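The values are calculated or read from the model by the stated rules, or taken from the named source; none is laboratory data. Since we're looking at a predicted model, the values are computed, not measured. We place every Cβ from the backbone using ideal geometry, glycine too, and count neighbours over all the protein chains shown.
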Amino acid sequence: MIFAIVLARALRHPEPAVIDTVVFFGAVVFLVATGVAQLFVTPQGQGAIVLSVVRGTVALSLPYLLLRLVDDFALVPLVVRSLAIAGGVMGIASLVVFPPPYSVPHVLLLVAYFVVLQSYNTVRFIGAVGAHVGVTRARMRAAAWGSGCLALALLFAGAAAAAPAWQGLWTNLVAVGGAGCGLGYFLAFAPPRSFLRYWEAPAIRDFLASMVRLPAQDPILRIEEVVERATAAAMGAPNVLMMLWDEERQRLVAPRLAEDDAQRAPQPELTVASRVFRDRRPLAVLDTIASDPANAEVYRRLGATAVLAAPIMVDSGDRCYGVLSAFADRASVFSADELPLLSLLARHLGGFLQRREFVMNMRDLEARETATRMKDEFLSAAAHDLRTPLTVVLGLAQLLQRHLRTRPEAIEANLEEAERLTEAAQRMWRMTDEVLDASRLEAGEFTGERRRTDLVVLARDVVSTIPSPRHRLEVDGVRVEAEVDADAMRHVFQNLVDNAVKFSPAGGEVRVALRSVADEVEVRVTDRGIGVPPHDLQHLFDRFYRGGEVGRRGFGGMGIGLFLCKRIVEEHGGRIWAESRLGTGSEFVLRLPTGVTDNGGAAG
Amino acid sequence: MTGERILVVEDEPAILNLVREVLAEEGYEVTHATNGADALQAIAVGATFDLVVLDMWMPVVNGWQFAAALTERGLRVPLLVMTAASSHAPAYARDIGAIGFIGKPFDVDQLVLAVRNAVEADGHVDGLDRPSADRGGPDPDFGAAPA
């Protein structure tokens with residue numbers, strides 16, 4: 001029965017490891033069949049001798065055939081292989097030279113050869129148990145059991161020849177050993193579906209557990225790392241590669257290899273993977289070198305002799321996200337059997353990627369909606385703020401018109417009015433520039449280059465532009481330098497000082513103090529103004545927040561201004577906050593790193 | 001119609017000057033304040049006004065707070081809301097029980113008209129909506145409300 005199953009599989013996947021399995025079980029089947037036949041037809045004379053020799057030959061070749069199976073998943077040293085062949089040939093020769101009935105020492109010698117070699121196989125299978133995980137591990141264990149039982153059965157058969165007195169006992173023991181061997185090999189080489197599922201369950205459970213813990217919005221590289229590790233653990237494969245279809249480049253791309261993609265071409269896993277992607281069907285290529293000799297060198301370098309690959313897709317729908325492949329430098333005897341497991345994992349992965357796509361689309365949509373809303377709000381705030389200078393321009397123009405009609409002779413007075421009108425229009429011009437600046441900053445266009453700037457000079461510069469004879473403005477500090485976008489930082493200073501002046505009573509003092517603290521610079525803008533109540537303090541830097549006590553919003557006020565300040569400061573890797581007590585004044589503090597933190601300056 | 005006393009409360013100096021100039025030319029007696037607190041002070045020192053032209057978004061004491069303070073002190077002065085938030089002007093006016101409103105920017109003629117209407121309508125509204133006795137009536141310390 002095992003033979004029938006492995007033969008069926010061999011016809012589907014004619015790989016070397018599978019063929020070895022077929023030869024081994026073919027030999028077993030021959031022995032069993034001829035043994036059963038002897039119960040009914042006892043060959044006579046020459047025929048009996050020939051049959052006996054042939055059976056002996058086949059039996060003696062069994063441990064060697066099993067050794068070949070071992071060699072398929074773990075390298076067998078050449079010495080061992082040579083000794084096995086030499087022993088086998090000598091044993092078979094001895095059968096021909098000394099025809100039956102065999103002498104006891106002859107039989108014992110043959111048994112010894114068989115048992116030693118079979119013990120070696122058993123030890124290698126036991127060793128393989130430790131080296132594998134999941135299903136392969138369970139099957140290796142079954143194979144080790146089977147091999148051990150076969151060795152014992154032969155040992156008992158040998159004992160029967162040496163001590164024929166206890167013939168009955170030996171026969172029973174041989175039968176038990178044979179049954180154990182049969183069961184072990186059955187589970188190892190042709191396990192029923194239910195057993196496979198039982199063995200696969202923990203691997204699938206672990207895989208699902210790690211996928212469930214993985215947040216969908218994680219970067220794709222992190223997802224790839226987790227997926228590959230989980231798949232490797234479930235499959236017991238040394239290498240796992242997750243490749244995703246890149247719509248733009250029209251090819252499969254492994255996120256983590258995206259960088260050095262070019263120098264890795266031609267990618268062997270890609271050739272298998274692209275076939276899998278095209279056919280939407282899992283594929284096992286257990287000897288890539290034989291199937292694609294042209295790229296043999298690359299396969300060897302990558303350790304990708306055996307490749308299993310499955311399409312990453314969900315059950316419903318024909319969308320294929322990519323290919324999940326597992327590869328190793330030696331195909332395990334069971335490799336082809338692991339394809340369904342890999343397919344299952346790939347389908348779970350497909351479900352995860354589909355969920356991730358939904359989540360990402362949703363976030364994109366939300367981000368776009370927020371951006372649109374912000375733009376609308378910005379536009380209405382800008383329009384609102386432009387009304388003030390516009391009121392002045394329009395009013396003065398109409399007043400002048402009226403005066404030119406009613407008192408055309410008062411040239412001096414009318415001229416003065418025209419000058420005021422010009423001034424008002426210029427103020428409005430400056431303001432529209434500011435609005436444009438603000439909208440540029442708002443759009444995240446921080447194109448300004450960061451340069452080492454003396455912030456004290458910048459602060460003095462800003463303070464000097466504020467025409468406020470009603471206030472005492474003071475800048476305190478000597479040469480406090482940081483790498484900043486001077487234009488953006490001027491915006492911040494201007495805003496803070498404007499606010500301080502605006503909310504200070506006449507004669508109030510506004511102080512800008514700058515100093516270096518370790519690898520940061522600290523700027524404190526202090527006023528003795530009306531202060532900010534605690535419940536407003538925490539919202540001060542929110543967009544369009546208008547403090548109840550403050551009242552007015554706008555670029556010069558407390559609306560967009562502080563929000564933009566925060567954005568600019570954070571863009572520089574710094575922090576900004578306010579300290580205040582109602583009635584005694586406010587202090588706005590900002591801290592900036594002195595130098596460029598990581599990619600700032602070089603990138604510009 | 002000249003000689004009425006008008007208090008203009010506006011924090012933006014350029015607009016304040018403009019409004020003062022226009023109203024003065026119309027023959028009104030104009031006083032000004034740059035925020036609600038200063039305006040309350042002006043009323044507190046005993047001045048009486050026929051109309052307050054009131055900006056709403058101001059530092060220190062805004063238009064709402066100013067109106068609330070007037071009510072609290074039992075003072076009854078007609079208010080004309082003047083705001084750049086034009087679309088909200090009617091709502092603001094309702095908020096504080098103002099007699100009228102004007103959005104910014106405005107035509108000078110429009111401003112004059114709004115102020116004239118407010119001043120003329122005042123007597124009428126005042127008669128209908130006099131502060132009740134239980135709210136304390138005019139406080140002698142802060143000067144009488146226009147009767």
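The number of residues in region A:540-588 being part of a loop (DSSP other than H, G, I, E, B), away from every other protein chain (no Cβ under 14 Å) and modelled with pLDDT of 70 or more comes to 6. Among the residues of region A:477-535, those that are among the aliphatic types (A, V, I, L, M), out of contact with any strand residue (DSSP E or B) (no Cβ under 6 Å at 6 or more places or on another chain), at pLDDT below 85 and not in a helix (DSSP H, G or I) comprise A:ALA506, A:ALA518, A:ILE530.
Taking the criterion of being over 16 Å from the mean Cα position of the chain (by Cα) and either touching a residue at least 60 places away in the same chain (Cβ under 8 Å) or at the interface with chain A (Cβ under 10 Å from one of its Cβ atoms) (or both), the only residue of region B:26-37 that qualifies is B:GLU26.
Being under 26 Å from B:ALA84 (Cα atoms), touching a Phe, Trp or Tyr at 6+ places or on another chain (Cβ under 8 Å) and either among the polar types (S, T, N, Q) or more than 14 Å from every other protein chain (Cβ to nearest Cβ) (or both) narrows it down to one residue among A:THR422, A:THR391, A:THR372; which is it? So that I can check it myself, show each step before the final result.
On the way: A:THR422 fails: touching a Phe, Trp or Tyr at 6+ places or on another chain (Cβ under 8 Å); A:THR372 fails: touching a Phe, Trp or Tyr at 6+ places or on another chain (Cβ under 8 Å).
Sole residue among the options that is under 26 Å from B:ALA84 (Cα atoms), touching a Phe, Trp or Tyr at 6+ places or on another chain (Cβ under 8 Å) and either among the polar types (S, T, N, Q) or more than 14 Å from every other protein chain (Cβ to nearest Cβ) (or both): A:THR391.
Among the candidates B:VAL115, B:VAL60, single out the residue that is at pLDDT 90 or above, touching a helix residue (DSSP H, G or I) at 6+ places or on another chain (Cβ under 7 Å) and either assigned to a loop (DSSP other than H, G, I, E, B) or hydrophobic (A, V, I, L, M, F, W, C) (or both). Testing whether each residue is at pLDDT 90 or above, touching a helix residue (DSSP H, G or I) at 6+ places or on another chain (Cβ under 7 Å) and either assigned to a loop (DSSP other than H, G, I, E, B) or hydrophobic (A, V, I, L, M, F, W, C) (or both) leaves just B:VAL115.
Test B:LEU54 against the stated conditions and say whether it is farther than 27 Å from A:GLY531 by Cα, part of a strand (DSSP E or B) and more than 10 Å from every other protein chain (Cβ to nearest Cβ). Step through it out loud before you land on a result.
Values: farther than 27 Å from A:GLY531 by Cα: no; part of a strand (DSSP E or B): yes; more than 10 Å from every other protein chain (Cβ to nearest Cβ): yes.
Judged against the criteria, B:LEU54 is not a match.
Pairing each residue of region B:13-25 that is facing chain A (nearest Cβ under 8 Å) with any residue that is of a type in the set (Ser, Thr, Tyr), provided the two are 6+ apart or on different chains, yields C-beta distances under 6 Å for B:ILE15/A:THR391.
Residue count for region A:210-244 under the criterion of being among the hydrophobic types (A, V, I, L, M, F, W, C) and free of Cβ contacts under 8 Å to residues at least 12 places away in the same chain: the result is 1. Is it true that some residue in region A:388-401 is outside any helix (DSSP H, G or I) and either in contact with a Leu (Cβ under 9 Å, 6 or more places away or on another chain) or among the small types (Gly, Ala, Ser) (or both)? For region A:388-401, residues outside any helix (DSSP H, G or I) and either in contact with a Leu (Cβ under 9 Å, 6 or more places away or on another chain) or among the small types (Gly, Ala, Ser) (or both): absent. Please determine, by comparing only the residues of region B:69-92 that are touching a residue at least 12 places away in the same chain (Cβ under 8 Å), of a type in the set (A, V, I, L, M, F, W, C) and farther than 17 Å from B:LEU7 by Cβ, which one is farthest from the other protein chains (Cβ to nearest Cβ). It comes out as B:ALA89.
Hey, can you tell me all the residues within region A:291-305 that are not in a loop (DSSP other than H, G, I, E, B) and not hydrophobic (A, V, I, L, M, F, W, C)? A:SER291, A:PRO293, A:ASN295, A:GLU297, A:TYR299, A:ARG300, A:ARG301 - these are the residues of region A:291-305 that are not in a loop (DSSP other than H, G, I, E, B) and not hydrophobic (A, V, I, L, M, F, W, C).
Looking only at region B:125-133, decide whether some residue is farther than 19 Å from B:ALA14 by Cβ, more than 12 Å from chain A (Cβ to nearest Cβ), touching a strand residue (DSSP E or B) at 6+ places or on another chain (Cβ under 9 Å) and modelled with pLDDT under 80. Lay out the reasoning, then the answer.
From region B:125-133, those farther than 19 Å from B:ALA14 by Cβ are B:125-133; that's our starting set.
From what is left, the residues that are more than 12 Å from chain A (Cβ to nearest Cβ) are B:125-133.
Right, trim to touching a strand residue (DSSP E or B) at 6+ places or on another chain (Cβ under 9 Å) and you get none.
No, region B:125-133 contains no residue that is farther than 19 Å from B:ALA14 by Cβ, more than 12 Å from chain A (Cβ to nearest Cβ), touching a strand residue (DSSP E or B) at 6+ places or on another chain (Cβ under 9 Å) and modelled with pLDDT under 80.
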